[in-house]
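I have placed the structure first, in the form of structure tokens, so that the comments after it can refer back to it.
No value in this document is a laboratory result; all are computed from the given coordinates. If you're wondering where the values come from, they're calculated on a predicted model, not measured in any experiment. Cβ coordinates were reconstructed from backbone atoms using ideal geometry, including for glycine residues, and neighbour counts include every protein chain displayed.
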Amino acid sequence: MKKIILVVLTLILITGCSFKDLFIKENVTEDLLSGKINAEIIVKDYGTIKLELDADTAPITVTNFVNLAESGFYDNLTFHRIIEGFMIQGGDPNHDGSGGSEKMIKGEFENNGIENNISHKRGVISMARRGSYPDTSETMNSASSQFFIVHQDNTDLDGSYAAFGHVTEGMDVVDKIATAAKPTDNNGTIPFENQPVIETIKIIHDNKNN
């Protein structure tokens with residue numbers, strides 16, 4: 001039964017329903033990052049989640065995430081969707097799964113024609129997006145600002161979501177967030193007043209191609 005629930009959740013994974021004012025940036029003209037980049041997600045009352053982002057595997061995704069973080073976009077946003085044993089999801093300015101930044105990006109994963117060998121195992125960070133069955137170009141390229149960190153292995157997501165790094169320190173923080181959550185439904189909805197707050201996301205550059 002648990003497996004069936006996770007498969008259903010996988011099909012509906014992410015993002016809200018109203019990105020009409022956003023656009024897909026199919027042809028990226030900005031400089032893309034490369035190499036490994038360290039990041040820190042500081043969560044109020046919980047601690048710090050340290051990440052290594054892989055810009056060689058997912059340059060569009062990492063560049064977008066880094067640009068948003070450095071612009072302060074993520075400051076004081078929240079983890080609005082939490083499912084213990086599955087994932088914690090945040091980065092939505094609407095705090096309910098319906099929002100994003102000013103643009104969408106191309107989905108860097110196999111089903112969208114892009115090789116990505118990062119598997120959705122415990123501690124992996126990946127981009128949330130709209131889902132449909134079957135997937136369309138619109139839904140596969142609908143990632144914007146929302147991301148999720150895998151709490152326990154869920155390789156069913158491989159090939160359909162753009163994983164772009166992994167936790168290097170702070171899985172105990174992810175565990176605390178996941179286990180303390182009290183979602184109001186099977187989709188992991190957390191009431192706004194109970195959503196863990198992302199104070200900021202810090203980026204530490206190790207390698208950037210200009």
Any aspartates and glutamates whose Cα falls less than 12 Å from that of LYS50, other than same-chain ones fewer than 8 residues away, would be GLU40, GLU169, ASP172
So what's the stretch 2-204 giving for Cα Rg divided by 2.2 N^0.38 Å, two decimals? 0.91
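Kindly flag which residue pairs out of LYS36/LYS182; LYS121/LYS202; LYS106/LYS176; LYS36/LYS121 have an alpha-carbon separation exceeding 27 Å in this structure. Please report the intermediate quantities before stating the final value.
Numbers: LYS36/LYS182 34 Å; LYS121/LYS202 23 Å; LYS106/LYS176 32 Å; LYS36/LYS121 19 Å.
Cα-Cα > 27 Å for LYS36/LYS182; LYS106/LYS176; rest within.
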Would you mind listing how long the stretch 54-135 runs along its three principal axes, going by Cα atoms, in whole Å with the largest first? 33, 29, 26
On each of the three principal axes of the Cα atoms of the stretch 85-200, give max minus min coordinate, whole Å, ordered largest first. 37, 28, 28
Packing-wise, with mean Cβ within 10 Å as the measure, how do 52-64, 139-151 rank, highest first? 139-151, 52-64
Could you tally the net charge around VAL197, taking each other residue with its Cβ under 9 Å from the Cβ of VAL197, Lys/Arg +1 and Asp/Glu -1? -1
